[in-house]
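Q: One structure coming up, written as structure tokens, with questions to follow.
The values are calculated or read from the model by the stated rules, or taken from the named source; none is laboratory data. All of these numbers come straight from a predicted model, not from anything done at the bench. Ideal geometry is used to build each Cβ from the backbone, glycine not excepted, and the neighbour counts take in all protein chains shown. Heavy atoms of the whole protein, side chains included, go into the accessibility calculation; ligands, DNA and RNA do not. Shrake-Rupley method; radii C 1.70, N 1.55, O 1.52, S 1.80 Å.
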Amino acid sequence: MQENDTLKLLRECDAGVKMGVASINDVIADVRNDQMRNMLADCRNQHETLLSEIKTKLDEYCDKGKQPAPAAKGMSWIKTNVKMALDESDKTIADLITDGCNMGVKSLHRYLNQYSAADSDSKGIANRLIKLEDDLSIGMRQYL
């Protein structure tokens, strides 16, 4: 059971990190404020570092990981593009990133509860991802 929960939690973290990186990449070129752009770039780098760690853990299970759900990716892309077409401000970007972070945190907590038999390393990865998302959400508040 532990191995199964560990693998499932790692897959969800993998998909979540990939979604976070893609979301940041979707908006970062439109950010006008240098501090905000740096905050997003730093968070993206931390996500990519975590992604590498997740990949190493998944390799131990001979697993390729999980891609974000196509529906979730598509909905995110549509929401981003519609909102940006209406208002290309840093406020809009901060709003989009905050919403994404909040959804990620909520999902990750759900997966931690669902896969409670996962090993402590995988739970630690999930908790670090939650902290990254939480911290970015808090950092974006000043731009709302």
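Q: Which one of 27, 40, 17 is farthest out on the positive end of the charge dipole of the range 1-52, using unit charges on Cβ (Lys, Arg +1; Asp, Glu -1) and the Cα centre as origin?
A: Checking the options against the dipole of the range 1-52, the answer is 27.
Q: Here's another thing I want to ask about it. Using 0.36 nm per residue, how much length does the chain from residue 95 to residue 120 gain when fully extended, once their Cα-Cα distance is taken away?
A: 5.7 nm
Q: Also, quick follow-up: With a 1.4 Å probe and all protein chains in place, put 78, 24 in order of accessible area, largest first. List each step's numbers first, then the result.
A: Details: 78 95, 24 5 Å².
Descending order: 78, 24.
Q: Using a 1.4 angstrom probe on the protein heavy atoms only, could you order 44, 141 from most to least accessible area?
A: The ranking, largest first, comes out as 141, 44.
Q: Hey, what did the chain get for relative contact order, percent, Cα under 8 Å, at least 6 apart?
A: Relative CO of the chain lands at 42 percent.
Q: Here is a follow-up. Can you pick out the pairs among 55/91; 18/91; 57/79; 79/131; 64/91; 55/79 whose Cα atoms lie more than 31 Å from each other?
A: 55/91; 57/79; 64/91
Q: Can you check what the net charge comes to around residue 32, using other residues whose Cβ is under 12 Å from the Cβ of residue 32 (Lys, Arg +1; Asp, Glu -1)?
A: Summing Lys/Arg as +1 and Asp/Glu as -1 gives -2.
Q: Per residue, how large is the accessible surface of the chain? Use a 1.4 angstrom probe and give square angstrom.
A: Roughly 55 Å² per residue, with all protein chains present.
Q: Less than 12 Å Cβ to Cβ from residue 119, Lys/Arg counted +1 and Asp/Glu -1: what total charge do the surrounding residues give?
A: Taking every other residue near residue 119 into account, the sum is -1.
Q: Can you give me the solvent accessible area of residue 132 with a 1.4 Å probe, rounded to the nearest 10 Å²?
A: Counting only protein heavy atoms, residue 132 exposes about 20 Å² to solvent.
Q: From largest accessible area down, sort 89, 120; use a 1.4 Å probe on the protein chains. Write out the running numbers ahead of the final one.
A: Values: 89 25, 120 95 Å².
Greatest to least solvent exposure: 120, 89.
Q: Specify which labelled value, from (i) 7.9; (ii) 8.5; (iii) 10.0, agrees with mean projected area of the Cα convex hull in nm² derived from the coordinates of the model shown.
A: Here mean projected area of the Cα convex hull in nm² agrees with entry (i).
Q: Using a 1.4 angstrom probe on heavy atoms only, work out the carbon and sulfur share of the accessible area of the chain in %.
A: 52
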